[in-house]
1. Once the other residues with Cβ under 12 Å from the Cβ of VAL166 are scored (Lys, Arg +1; Asp, Glu -1), what is the net sum?
2. Testing the spin-label approximation: label points 7 Å from Cα along Cα→Cβ at ALA109 and LYS171. State their distance in nm.
3. State the percent of C-alpha pairs, over all pairs in the chain, separated by a distance greater than 24 angstrom.
4. Whenever you get a sec, compute what percent of the accessible area on the chain sits on carbon and sulfur atoms (1.4 Å probe).
5. Need one value: the accessible area of ARG49 in square angstrom, 1.4 angstrom probe, rounded to the nearest 10.
6. Using every alpha carbon pair in the range 98-222, what percent of pairs falls into each 5 Å bin from 0 up to the bin containing the largest distance?
7. Using alpha-carbon pairs under 8 Å, 6+ residues apart, how would you state the relative contact order of the chain in percent?
8. Can you list, bin by bin at 10 Å, the percent of alpha carbon pairs in the range 76-119, starting at 0?
Amino acid sequence: MVKAVFLDVDNTLLDFQAGTKEALTSLLAGFGLELTEDREARFHVINNRLWTAYEHGEIPKSAIFERRFAEFLGEMGIETDPLEANETYAKGLQQSAVLMPGCMELLNALKGTCRLFAVTNGVVTTQNPRLEKAGFKPYFEQIFISEAMGCKKPEKEFFDKVFDAVGNPDKSRCIILGDSLTSDMQGGRNAGITTCYLGEDTGDDRCDFVISGLMEFLKIVE
């Protein structure tokens with residue numbers, strides 16, 4: 001039986017795409033532009049590429065914030081301070097707490113049956129307000145944010161620090177649920193715990209389980 005569950009946040013519990021859409025809409029409105037589907041898709045391509053490079057240790061986190069809007073807005077011919085644009089975007093994102101389908105149902109079902117922890121790659125000033133607004137904090141014993149940890153998923157150091165902080169539970173009875181192969185599934189592998197991927201089955205051997213909806217997770221932890 002599973003004793004400890006480690007849950008990713010973005011696109012696992014909170015709909016990051018929806019939050020991004022709201023924040024980008026507000027940002028572009030300041031430049032007199034509308035957020036089209038093509039522009040939204042392009043931002044995600046740029047943003048995901050930079051976050052993946054960060055997870056692989058190829059760039060520092062600061063490079064994400066310096067480059068994503070320099071590239072995204074630059075392609076539209078907008079000349080502005082990319083860090084100021086990033087700050088505007090981040091403030092918009094802080095206000096977003098759109099839940100993934102089945103999120104609260106899952107948390108309510110898990111609460112009291114096992115230890116619950118949140119593990120997220122992100123910025124403290126962005127993630128904490130979103131988690132608070134979503135009403136998640138009472139469900140978790142502890143919330144681990146990469147910026148505060150000084151390391152990130154999928155690094156073994158991140159999970160070593162997490163396990164030390166929670167009393168080193170039996171890893172054979174621990175599981176991580178997330179939507180990222182590179183941070184959550186690889187992180188679970190590096191930590192030596194069971195992994196569950198939220199998404200389409202890719203046949204990736206880093207995934208012990210694959211689910212398409214959050215409530216399917218209950219059958220696994222039971």
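1. 0
2. Distance between label points: 2.8 nm.
3. Percentage above 24 Å: 43.
4. 49 percent
5. It works out to around 110 Å².
6. Taking every Cα pair in the range 98-222, the percentages come to 2, 10, 20, 24, 24, 16, 3, 0.
7. Normalised by residue count, the contact order of the chain is 25 percent.
8. Per 10 Å bin, starting at 0, the Cα pair percentages come out as 20, 29, 22, 18, 10, 1.
The values are calculated or read from the model by the stated rules, or taken from the named source; none is laboratory data. Note that the structure is a prediction, hence the values are computed from the model and not measured. As a convention, Cβ positions derive from the backbone with ideal geometry for all residues, glycine included, and neighbour counts pool all protein chains shown. Protein only, heavy atoms only, side chains kept; ligands, DNA and RNA dropped before computing areas. Shrake-Rupley method; radii C 1.70, N 1.55, O 1.52, S 1.80 Å.
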